[in-house]
Amino acid sequence: MKIIIIGAGAAGLAAACASDKNNEIILIDKNEKIGKKIYITGKGRCNITNNCSDETFFENIVTNPKFLTSSYKSFNCKSTIEFFENSGLKLKTERGNRVFPESDKSSDIIKIFSEKIAENNVKLHLGEKVTDIVFSNNTIKEIITDKQIIKIAPEDKVIIATGGKSYPQTGSTGDGYKFAIKAGHKIIPLKAALVAIILNYPKKYNTQGLSLKNVTVSLKNSDGKTIEKEFGEMLFTEDGISGPAVLSLSSKINKIDLKNHYVEIDLKPALSYEKLDMRLIREFDGNKNKNLKYVLYNLSPKALAPIIADNANIDENRKINEITKAERIKIINAIKGLKFQIKSLAPIDTGIITSGGIAVNEINPKTMESKIIKNLYFCGEIIDVDALTGGFNLQIALSTGFAAGRAASKTV
Ligand SMILES: Cc1cc2nc3c(=O)[nH]c(=O)nc-3n(C[C@H](O)[C@H](O)[C@H](O)COP(=O)(O)OP(=O)(O)OC[C@H]3O[C@@H](n4cnc5c(N)ncnc54)[C@H](O)[C@@H]3O)c2cc1C
């Protein structure tokens, strides 16, 4: 029996490691090297998994956590740690239980995969692109690549692990969705996830590169109701905002029509309105003849002063002794709720991950086998599952990849 795996990313590599070597295992990737995306993960350090409880793992899955129950149970975060450590790679756990190779080199993760697939006699077809899959009577007949036609016998298995549509320069250009649609699968609309938010604000603000810690970033609707919020670090980019809190927020709001919604940043979430008012009164008392912006510089980064003043609708050059109590309240509201109109999420190719993909109700969650086409399996980012940052997305690729490889190795 042949097991043909399309895509040598984390999911396809896991499937290749899990496949029984008594079969002919073929791993095809259009890149010249395996694991091109793994190489850039975790800023080149690869946050391979999270050293967390099962409960925490599922709390960090944004889309379709239930679908992952079975595959995760058979290959969980601890299994990932054991897999690499038993292969001789030392790992370390950092802030937020994020697990990295002790060497801080993602290439060491790829090296282990490389050794493991060699042990498993996997035949690597690199620099070979799958261009089409031929189906007939709910089975696969042929895999067509730019180099050859691979005939598929009734007992052979095919695993599609072609990833999502983010960072297409790593090879994930969304080809697998075309094959899945041809097979009769439904694709849940693709959305950028863990992505920056583009804002609609005047170019005059000089905030690019400004990073803020311990802030709350919220999505609010036109009634001012909070839809989602995240606490942590954020960063102003050339045309919007990014950074950990914003990336997490983006994954939670990417299925919402963002028209009529806005982003609100609480610059002082630890201070109540009353406490902030007391602070402001103190600042005002000591700086009566100075301009408003001077006091704002004492309360927030300089670049934010004109934005706070504009949000409060007060000229930043107004003298403090001219500012009324009502205006002071407006300033407090601006500091605790800096409002920005949203243009959109940044494009899908700039997202860390693609949300959406093959509908999970058409895949067997234990085996990753298609419920439509016999002997066809899916694993990794191509499936409609996604998670927050922290090593959870690679863990999804590994859990589903191992499940697919093991199941494909079984003869019925
Ligand atoms: C910048 C960045 C940083 C990240 N950091 C982390 C992190 O630290 N921790 C974490 O958990 N997650 C991280 N992620 C997410 C994580 O990398 C992905 O979730 C994961 O790699 C998905 O694995 P995959 O195997 O499903 O897909 P991919 O890794 O995208 O692999 C798909 C493979 O299929 C191949 N392919 C596609 N089409 C064809 C075709 N037609 N023929 C042949 N081959 C084909 C591609 O060349 C590619 O190699 C990061 C993502 C990015 C973009």
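Here are some notes:
- Test result for residue 201, of a type in the set (Phe, Trp, Tyr) and either on the phi > 0 side of the Ramachandran plot or in a helix (DSSP H, G or I) (or both): no
- Those strands (runs of 3 or more DSSP E) lying entirely in region 300-412 with at least 2 residues at negative phi and within 16 Å of the ligand (Cβ to nearest atom): 353-358, 376-378
- Residue check, residue 66 away from the ligand (no atom under 14 Å from the Cβ) and touching a strand residue (DSSP E or B) at 6+ places or on another chain (Cβ under 6 Å): no
- Screening region 172-210 for residues that are within 24 Å of residue 253 (Cβ to Cβ) and open to solvent by 70 Å² or more (accessible area, probe 1.4 Å) and picking the one that is nearest to the ligand (Cβ to nearest atom) gives 191.
- Residue pairs meeting the criteria (Cβ under 7 Å; at least 6 apart or on separate chains; first more than 17 Å from residue 371 (Cα to Cα) and among the polar types (S, T, N, Q), in region 130-143; second at pLDDT 95 or above and not in a strand (DSSP E or B)): 131/146
- Counting only residues that are in a helix (DSSP H, G or I) and crowded, with 16+ Cβ neighbours inside 10 Å, region 268-278 holds 2 of them.
- Condition met for residue 203 (over 12 Å from residue 357 (Cβ atoms), basic (Lys, Arg) and over 27 Å from the mean Cα position of the chain (by Cα)): yes
- Entirely in region 31-143, the helices (runs of 4 or more DSSP H) that have 3 or more residues that are open to solvent by less than 30 Å² (accessible area, probe 1.4 Å): 77-86, 106-119
- Inter-residue pairs, beta-carbon under 8 Å, first on the phi > 0 side of the Ramachandran plot and at pLDDT 95 or above and in region 10-37, second of a type in the set (Phe, Trp, Tyr) and surrounded by 18 or more Cβ atoms within 10 Å (Cβ to Cβ), 6+ apart: 35/113
- Taken across region 12-26, residues that are within 12 Å of the ligand (Cβ to nearest atom) and among the β-branched types (Val, Ile, Thr) do occur, with at least one present.
The values are calculated or read from the model by the stated rules, or taken from the named source; none is laboratory data. The structure presented is a predicted model; accordingly, all values stated were derived computationally and were not measured. As a convention, Cβ positions derive from the backbone with ideal geometry for all residues, glycine included, and neighbour counts pool all protein chains shown. Just so you know, the surface numbers come from the protein's heavy atoms only, side chains and all, with ligands and any DNA or RNA stripped out. Shrake-Rupley method; radii C 1.70, N 1.55, O 1.52, S 1.80 Å.
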